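Contents: one structure, followed by commentary.
Where a number appears in this text, it was derived from the coordinates with a stated rule and is not lab data. Keep in mind it's a predicted model, so treat the numbers as computed, not measured. With ideal geometry, Cβ positions are generated from the backbone for all residues, glycine too; neighbour counts draw on all protein chains shown.
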Amino acid sequence: MEVVRRAARQSRALVAGENNEVIVSTQQQRISALDEYIVRMPKVELHLHLEGAIRPATLLALARRNGVDLPARDESGVAQLFNYRNFHEFLTVFMVLARSLVTGRDFEQVAYELGVHLAEQNVRYAEVMISPVQYHRRALDLDEVVQGAATGFARAARERRVHVGLVFDYGRQFGVDLAWQLLESAIRNMKHGVVGWSIGGDEINYPPEPFAEVFAAARRAGLQVMAHAGEVVGPSSVWGAIEALGVRRIGHGIRSIDDPALVAYLRTHHIVLDVCPTSNVRTGAVPAFDAHPLRRLFDAGVLLTVNTDDPVFFGTTLCDEYRLAVQRFGFTASDLAQVTLTGARAAFLPEMDRAALVRELEEEIERLRAELGV
Ligand SMILES: [Zn+2]
């Protein structure tokens with residue numbers, strides 16, 4: 001009798017084991033289907049700096065070519081530089097490394113390489129920021145800078161399926177007078193692919209309000225506008241960017257979560273936050289992923305996109321950020337589709353092109369989801 005009972009127990013254990021294996025392998029299939037979806041889905045990236053997206057090998061080669069003395073001799077030396085401890089150190093490293101870029105040809109090369117990288121992430125449309133102040137201060141010809149970058153992105157667009165718009169990201173700590181001067185350069189280069197104007201840099205000591213007239217002039221000239229806000233400063237900075245600068249897209253904006261009235265405003269006025277989770281943790285804007293408000297903002301109905309900010313600096317890619325959204329923040333296939341379509345709808349493109357991009361992505365994502373069952 002005991003033998004029979006033992007045999008029955010063993011057989012039940014066996015069946016339970018098999019069931020577990022079935023469950024585990026179904027889960028694995030679901031995870032690998034979701035990962036394939038992340039890799040293959042056509043994407044949009046709206047918050048990305050050219051200077052933070054240069055491969056270390058290219059940085060070193062450009063520094064050698066231009067006789068620029070970098071505080072790093074080899075790729076591991078460059079990687080060491082990426083171990084900054086706080087946001088200020090990060091900005092400093094960012095500026096130092098960008099010194100390697102000198103000629104239009106340099107900008108063409110880094111833009112082309114970034115275009116190819118984006119295409120490999122299946123990014124169909126991206127907006128890439130350049131930081132004009134430092135080039136201006138080094139007496140580079142900004143027209144040459146922009147046109148070099150535009151040539152590189154155009155080549156990537158011809159060879160791959162990726163379209164890139166350029167945005168001037170003005171370092172607010174350099175003041176309003178210089179902003180006027182560089183805005184002229186942005187406007188002059190609209191025919192070379194400059195689509196937007198933004199402020200970045202030191203958010204703590206330089207609130208947005210003094211730039212109100214610069215932004216109004218940018219809008220009048222036909223540039224689209226955005227601002228870094230609510231990254232390291234609280235809701236007042238986001239309110240200022242919306243009310244004084246008239247932006248409808250905010251770089252980061254994560255600190256909006258501290259003000260329920262602002263969250264409600266963002267939702268009802270369809271203002272988009274371009275969120276960069278890994279960047280926020282790496283710069284110390286949030287202490288850890290667990291403290292990041294991505295999920296809470298999304299659940300509150302705020303329109304948001306997911307971005308890399310500075311993929312090489314932060315050792316990330318857009319696919320990695322999407323994986324992070326799934327693994328750390330519980331985003332579903334449908335949530336990711338919404339994120340990428342929000343990006344397409346918020347793109348600084350002419351109305352017709354934007355509508356075409358939205359349609360293309362909607363159709364392709366729907367087909368892909370049906371094929372992968374996600
Ligand atoms: Zn940024």
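Ordering 58, 262, 288 by Cα displacement along the dipole of the stretch 42-372 toward the positive end leaves 58 in first place; charges were set at the Cβ atoms of Lys, Arg (+1) and Asp, Glu (-1). Could you compute how fast the stretch 191-267 diffuses translationally, taking Rh as the Kirkwood radius over C-alpha pairs and applying Stokes-Einstein at 10 °C with viscosity 1.306 mPa s? Give it in µm² per second. Estimated diffusion coefficient is 127 µm²/s. P(r) tail for the stretch 42-372: Cα pairs beyond 32 Å make up 22% of the total. Based on Cα contacts under 8 Å between residues 6+ apart, the stretch 37-124 shows a relative contact order of 47 percent. Mind pulling the angle between the C-alpha long axis of helix 351-372 and the longest principal axis of the chain? Nearest 10 degrees, somewhere in 0 to 90. Taking Cα atoms only, the helix is inclined about 20 degrees. Distance between the pseudo-spin-label points of residue 327 and residue 296 (7 Å out from Cα toward the beta carbon): 2.4 nm. Summing Cβ point charges (Lys, Arg +1; Asp, Glu -1) relative to the Cα centre of the chain gives a dipole of roughly 620 debye.
Note on the chain: with a GNM built from Cα contacts shorter than 10 Å, the maximum mean-square fluctuation among 334, 25, 185 falls on 25.
What the phi angles of the stretch 146-161 give under the Karplus curve with 6.51, -1.76 and 1.60, with θ = phi - 60°, is a coupling list of 5, 5, x, 4, 4, 5, x, 5, 5, 5, 4, 5, 5, 7, 10, 9 Hz, glycine and proline written as x.
Between the listed residues 183, 152, 71, the Cα displaced farthest toward the positive end of the dipole of the chain, a dipole computed from Cβ unit charges relative to the Cα centre, is found at 152.
Under the criterion of Cα pairs below 8 Å and six or more residues apart, the relative contact order for the chain equals 18 percent. Computed over the chain with a Gaussian network model linking Cα atoms closer than 10 Å, the most mobile of 66, 122, 280 is 66. GNM remark for the chain: springs join alpha carbons under 10 Å apart, and the peak mean-square fluctuation among 84, 125, 170 falls on 84.
Residue 371 to residue 267: FRET efficiency via 1/(1 + (r/R0)^6), r the Cβ-Cβ distance, R0 35 Å, to the nearest 0.05? After rounding, the FRET efficiency stands at 0.60. Packing, taken as the mean count of other beta carbons within 10 Å per residue, orders the peptides 87-99, 190-202, 27-39 from highest to lowest as 190-202, 87-99, 27-39. Summing +1 for each Lys or Arg and -1 for each Asp or Glu among the other residues whose beta-carbon sits under 12 angstrom from that of residue 101 gives 0.
Assign one of three labels to the stretch 224-279, namely rounded, prolate or oblate, based on the Cα gyration tensor with a ≥ b ≥ c the square roots of its eigenvalues; rounded applies when a/c is under 1.5, prolate when it is not and a/b is larger than b/c, and oblate otherwise. Verdict is rounded for the stretch 224-279.
Plainly put, the stretch 271-338 has a radius of gyration that is 0.93 times its Kirkwood radius, both from alpha-carbon atoms, as the Rg/Rh ratio. Within a Cβ distance under 12 Å of residue 29, other residues only, what is the Lys/Arg minus Asp/Glu net charge? Every neighbour counted, the sum reads -1. Kirkwood analysis of the stretch 217-374, using all unique Cα-Cα pairs, places the hydrodynamic radius at 16.3 Å. Peptides 367-373, 346-352, ordered by how many other C-beta atoms sit within 10 Å of their residues on average, highest first, read 346-352, 367-373.
Projecting the Cα atoms of 308, 227, 325 onto the dipole axis of the stretch 200-340, where Lys and Arg carry +1 and Asp and Glu carry -1 at the beta carbon, places 325 farthest toward the positive end.
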